[in-house]
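Visitor: Before we start, here is the structure in question, set down as structure tokens.
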């Protein structure tokens, strides 16, 4: 936790807790409804194949609007975007918890995803512009990354517990008091934005193209369980996404005030951070999914017990984040990303070797979970630092939106590919679904083991990509100076050792 000094104005000490709440909630709601889906389907009368839209509606809105949400933080103001995002997210959670029809719940989940798309980029932006490069920012980024990973793991745990003891509606309504508390803290704890230059304009054409393109891409990937990769539906959807995103790139290259300045990707740390985020998320999200299936379908855990089995992952992420926060200044971003990626890959290899019908909690779940999660936890601090390295203060929202888009796209892509791989292995054994006999459980375990092997390969590829792309040196014992270091300096009052001088006068709002 950041420890502000006495010179910090009242309320500024609540800035980081608010930002951690953002990251936790956004990740939580990606996974919290998964275990509740059967109860939701039975209560609201979902038809065959439509229940998956409870998950997909959130993912589509979130993934499709992330770039726009990141840029809105630069254009409309970070504080305003944060408060508006909380309000939309909380209202959608309330409406979802009160839904009486499938359509109402799906609509609420889509609006919830839109709120999350505004919240996720602005949290990273506020950390970048308000905490000095070095130990203060490293601690903040470590907690930020841990909050996101914990949100995903706790979502699985909480989903099982809440569904069993309080009903499925509680997985939506639990967000409401948390959001209300965060709104109160945000109004007093997040600094006001002050504009020092002319108001920038929103790139409307770019926003429409990237939103449509990302939505089509996530949709095409999310439906591969229903429509095969070679089907006309999948090929048409993915083809449309490619055309839309290519048009977006052309439009952005000609804009004076683009939604995404393509020159950001010429910045080697930014490029390597986004490549790493895409590949790591591809493996991490899929591993969460297959761990849950293995626990319930092969080891026959109930929903509560399966949720509790994710506790070692939570512990490991916190440990990894603490390690990286304390060592990133000494060893640099590149070394920690490579080490963390390889350690995460080793944990997934351990999973691949031990997930079988005779597996045990200690040997097949707890051990590999700790190894993989420590490695993943080590990556969040250097990932957030690299993704905004050399980025001017007025473009930090843009860079944050790009990083979050890479993570979301990676999660959708990895899950779609590895589900297909696992289904192919299981189907080759003549098993198409969960089976109660030993042969069926063995076939399912073989498919999951293959998927974990694929997740390990993705983490190893992330480490390799960083080793090749990330070439900016960091001096031992002190952070490297980048253009962002100077862009964030202004004439505002120094608020303390841990808070950046720009905390009271950020450049846009």
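Visitor: Based on the Cβ-Cβ distance from residue 428 to residue 87, what FRET efficiency comes out when R0 is 35 Å, to the nearest 0.05?
Guide: Efficiency, from the Cβ-Cβ distance: 0.10.
Visitor: Then there is this: Among 121-129, 87-95, how do they line up from the highest to the lowest mean number of other beta-carbon atoms within 10 Å?
Guide: 121-129, 87-95
Visitor: Then there's this: List the relative contact order of the stretch 6-163 as a percent without decimals, with contacts defined as Cα pairs under 8 Å and 6+ residues apart.
Guide: It comes to 43 percent, rounded to a whole number.
Visitor: Using only alpha carbon pairs under 8 Å that are at least six residues apart, calculate the relative contact order of the chain and give it in whole percent.
Guide: Value for the chain: 25 percent.
Visitor: In 10 Å bins starting at zero, report the fraction of Cα pairs in the stretch 347-410 per bin as a rounded %.
Guide: 19, 32, 23, 17, 7, 1
Visitor: Once you have all Cα-Cα distances for the chain, histogram them in 20 Å bins from zero and send the whole-percent values.
Guide: Calculated over all Cα pairs of the chain, the distribution is 24, 59, 16, 0 percent.
Visitor: Alpha carbon centre of the stretch 239-286 versus the stretch 25-62: separation in Å?
Guide: 28 Å
Visitor: Can I ask one more? Where Rh denotes the Kirkwood radius from the mean inverse Cα pair distance, what is Rg over Rh for the stretch 264-475?
Guide: 1.03
Visitor: Taking just the alpha carbons, could you work out the radius of gyration and Dmax for the stretch 203-258, both in angstroms?
Guide: Cα only, the stretch 203-258: 12.8, 42 Å (Rg, Dmax).
Visitor: Another question, then. Using the alpha carbon gyration tensor of the stretch 306-414, what are the three equivalent-ellipsoid semi-axes (square root of 5 times each eigenvalue), largest first, in whole Å?
Guide: For the stretch 306-414, the ellipsoid semi-axes come out as 30, 16, 11 Å.
Visitor: Can I ask one more? What ranking, highest mean first, results for peptides 327-340, 284-297 when packing means the other Cβ atoms within 10 Å averaged over each residue?
Guide: 284-297, 327-340
Visitor: Using the 10 angstrom Cβ neighbour count as an exposure proxy, how do 168, 53 rank, fewest first?
Guide: Neighbour counts put them in this order, fewest first: 53, 168.
Visitor: Would you mind classifying the stretch 10-191 by shape? Square roots of the alpha carbon gyration tensor eigenvalues, ordered a ≥ b ≥ c; an a/c under 1.5 is rounded, otherwise it is prolate if a/b is larger than b/c and oblate if not.
Guide: prolate
Visitor: Still on this model: Express the relative contact order of the stretch 264-475 as a whole percentage, based on alpha carbon pairs under 8 Å and six or more residues apart in sequence.
Guide: 42 percent
Visitor: Follow-up question, since we're still on this one. Take peptides 243-255, 265-277, 438-450, 380-392 and line them up by average Cβ neighbours within 10 Å, highest first, as a rough protection proxy.
Guide: 380-392, 265-277, 438-450, 243-255
Visitor: Nearest 500 deg cm²/dmol is fine: what mean residue ellipticity at 222 nm does the chain get from its DSSP H runs of n ≥ 4 alone, each adding -39,500 (n - 2.57), divided by its residue count?
Guide: It comes out at -23500 deg cm²/dmol, rounded to the nearest 500.
Each value in this text was obtained by applying a stated rule to the coordinates, not by laboratory testing. The shown structure was predicted, so the numbers you read here are calculated from the model rather than taken from an experiment. Reconstructed Cβ throughout: ideal geometry from the backbone, glycine too, with neighbour counts over all protein chains shown.
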